[in-house]
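A.B. asks: Below you'll find the structure I mean.
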Amino acid sequence: MNNQRGMTVVESFLTIIMLALIVWTGFYAYDAYWASTRYPCYDNQTALNKILFRTATENKREMGEVITAYAVKYPDDHPPVLVVLFTATAQYEDHQLVVVDLSKDNIAPGRVVCPLREGPHVRPIIDYWYAFGRWHCLHNKWHTLNQ
Amino acid sequence: MKCFFHPKEDALYDCTQCGKPICGKCMRFDEDDLVVCPACTLEKAVDVAVPGMQQFLEDRHKIHDGGHVVKRPWAERLDFLPKTQLIGIAVVLLVQIMLRYYIGETGKPTFFDVAEFRSHGDPAPETVYVIAKVFEYANDHAGKIPDNAGLLYPHYLESRATVLGSEDDYTCSPLEGPEQMVVGVHLCQKYGYRKLYAFGDGVLHIR
């Protein structure tokens, strides 16, 4: 049985399926494009995670007691910092806030922001944010290490 | 020998295509002036119009001759499927599998919603998220701090800036002097903080 364009019903059906698959694949291609630059960002997050782990150890805390942590890059010569907030426990009755100077760890300011970020900025930038047990890249949501 | 189509008539010829005995009434000529039977003439015409009909008619002839239908191989049975579309679907699926493998578990985008913040019950991570968005807003607007956190929605925050999904709004306002701005939780006592805010340097202040 042919339709007006000379295609059989089976051909028309498969053509529609193929077009739907192409559209569906397009979404994956979009994700792949934005995720293609994630590994340098993971390196930055891993470096910050090491400092966070060390900070927790120095303060006799565990990683599970970290409520949130984030790195701040400043527009001027102010060294980048890592701000860590620990939760209150039986041993520590109040929340504990620790600010780590990242320049002492030889962390360049460019490493506390996403590699995709470009151009000058006049206000501080918070790109790397530790919450819910993992690091997030706030500049590019495809760079978050989902594990 | 009698005609295949007229059992009462004597056969005068044999069809050069199928070999059936035919009488004078049934005699036809094909384009090469060879004697053919009406069935072969008809089959040829039908086969041009409907691909695969020739095979179908041959099967019917075998039944008529007392034989049985020989099952055609699967490849021939699937002849009705269009190869172009099938190859296209296979290629697209292959590309999609490769992309999904490349993206993996780590390359998927992350979305934050109010429920995730609320489930943890502590406004501090959400406050940091709002502070980061305030800085993002300011960098996009030549350093101008938003007059209130409501300006962050919808371009910078996915939902209205309320603390843990409650009706309590985040406070955000530009300040004169070295503090430059303040972002915080106005009613932070109910979340276990006496103070929870940040100035222009982005560092949290808690008590």
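Every residue, every condition in (1) free of Cβ contacts under 8 Å to residues at least 60 places away in the same chain; (2) facing chain B (nearest Cβ under 9 Å); (3) not in a helix (DSSP H, G or I), yes or no:
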site: A:V10; (1), (2), (3): yes, yes, no
site: A:A32; (1), (2), (3): yes, yes, no
site: A:P40; (1), (2), (3): no, no, no
site: A:V72; (1), (2), (3): yes, yes, yes
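A.B. asks: Another question, then. Exactly one of these conditions fails for A:I17: (1) part of a helix (DSSP H, G or I); (2) in contact (Cβ under 8 Å) with a residue 24 or more places away in the chain; (3) not acidic (D, E). Give me its number.
C.D. replies: (2)
A.B. asks: If you don't mind, there's one more thing I want to ask. If you scan region B:1-35, which residues turn out to be in a loop (DSSP other than H, G, I, E, B) and acidic (D, E)?
C.D. replies: Matches in region B:1-35: B:E9, B:D30, B:E31, B:D32, B:D33.
A.B. asks: Just give me the residues in region B:103-135 being in contact (Cβ under 8 Å) with a residue 60 or more places away in the chain, part of a helix (DSSP H, G or I) and more than 7 Å from chain A (Cβ to nearest Cβ), in sequence order.
C.D. replies: The answer is B:P123, B:T127.
A.B. asks: Now for a different question. Looking at the structure I just gave you, is B:Y193 over 16 Å from A:W129 (Cβ atoms), of a type outside the set (A, V, I, L, M, F, W, C), at the interface with chain A (Cβ under 9 Å from one of its Cβ atoms) and surrounded by 17 or more Cβ atoms within 10 Å (Cβ to Cβ)?
C.D. replies: Yes, satisfied.
A.B. asks: Moving to a separate point now. Take the conditions more than 7 Å from every other protein chain (Cβ to nearest Cβ), more than 30 Å from A:V9 (Cα to Cα), among the hydrophobic types (A, V, I, L, M, F, W, C) and surrounded by fewer than 14 Cβ atoms within 10 Å (Cβ to Cβ) and apply them to B:L78. Does it pass?
C.D. replies: no
A.B. asks: Follow-up question, since we're still on this one. Given A:D105, A:D77, which one is closer than 24 Å to B:I145 by Cα, away from chain B (no Cβ under 11 Å), acidic (D, E) and surrounded by fewer than 22 Cβ atoms within 10 Å (Cβ to Cβ)?
C.D. replies: So the residue among A:D105, A:D77 that is closer than 24 Å to B:I145 by Cα, away from chain B (no Cβ under 11 Å), acidic (D, E) and surrounded by fewer than 22 Cβ atoms within 10 Å (Cβ to Cβ) is A:D77.
A.B. asks: Restricting region B:136-166 to residues that are in contact with a Pro (Cβ under 9 Å, 6 or more places away or on another chain), assigned to a helix (DSSP H, G or I) and more than 8 Å from every other protein chain (Cβ to nearest Cβ), which is surrounded by the most Cβ atoms within 10 Å (Cβ to Cβ)?
C.D. replies: Result: B:V163.
A.B. asks: Sticking with this one: Mind checking which pairs have a first residue in region A:119-147 that is more than 8 Å from chain B (Cβ to nearest Cβ) and under 13 Å from B:F112 (Cβ atoms) and a second that is crowded, with 23+ Cβ neighbours inside 10 Å and among the hydrophobic types (A, V, I, L, M, F, W, C), Cβ under 7 Å, 6 or more apart or different chains?
C.D. replies: A:C137/A:C41
A.B. asks: Could you tell me whether any residue of region A:44-62 is within 21 Å of B:E105 (Cβ to Cβ), among the hydroxyl-bearing types (S, T, Y) and at pLDDT 95 or above?
C.D. replies: no
A.B. asks: Restricting attention to region B:156-199, report how many residues are free of Cβ contacts under 8 Å to residues at least 60 places away in the same chain and more than 46 Å from the chain's Cα centre (by Cα).
C.D. replies: The total comes to 16.
The values are calculated or read from the model by the stated rules, or taken from the named source; none is laboratory data. Small disclaimer: the values here were computed from a predicted structure and weren't measured. Counting neighbours? That spans all protein chains shown, and the Cβs are built from the backbone with ideal geometry, glycine included.
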